[in-house]
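Only one structure is covered here, and it is reproduced in the block below.
No value in this document is a laboratory result; all are computed from the given coordinates. Just so it is clear, the structure is predicted and the values come from calculations on it, not from any experiment. Cβ coordinates were reconstructed from backbone atoms using ideal geometry, including for glycine residues, and neighbour counts include every protein chain displayed.
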Amino acid sequence: MVFLKADILIIDGYNIVGAWDDLRALKETDMGSARDQLISTLSAYVPWCWERIIIVFDGKVFNWEHVDGVEVVFTEGKEAADTMIEKLAAGLSTDKQVEVATSDYAEYRAASALGAWCISASALKERLAEQRNSYSRRLADKKSDRGIMLNDILNKSVIDSLQRLRRT
């Protein structure tokens, strides 16, 4: 399957937790572990699939932190995660291509209207599996030739940033 390449992925956190079977089962016993598993799963894809991944959860106290390369946002009690996702999509899509992962139809429509590409929870899971398989195949091919080179596994934007640093 061919996927469009976005710069930034915004995740509707609890929507994805509720949509993926493994996370849904885990949340029944421990919601914190389900959130941590989602963050851990997605952290493996930064920066070689997206420049930034932002996971938004409904919260009680606003918090924005970086966890293993992923930005994790908890909204303030009065603000729904959907509202934060829409603000992010509107603000970030002015100069970057933004993709929103949610299976909430209303959120899907709102984010699309703001210029973001949208992907369902199941399509995101499929994309991650395809990326993992593609990455494994590339590593297997590279090992047989000359070993693994950083240029083979890093996102183009990271390579460009490293080259700019080298020149300064």
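Below is a table of values for the structure above.
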read-out	value
Square roots of five times the Cα gyration tensor eigenvalues for the chain, Å	28, 19, 16
Spin-label model distance (nm) - A80 vs D68, 7 Å beyond Cα toward Cβ	3.0
DSSP bridge pairs, the chain: antiparallel proportion in percent, nearest 5	25
Relative contact order of the chain, defined on C-alpha pairs under 8 angstrom at six or more residues apart (%)	23
Sum of -39500 (n - 2.57) over DSSP H runs of 4+, divided by residues of the chain (222 nm, nearest 500)	-16500 deg cm²/dmol
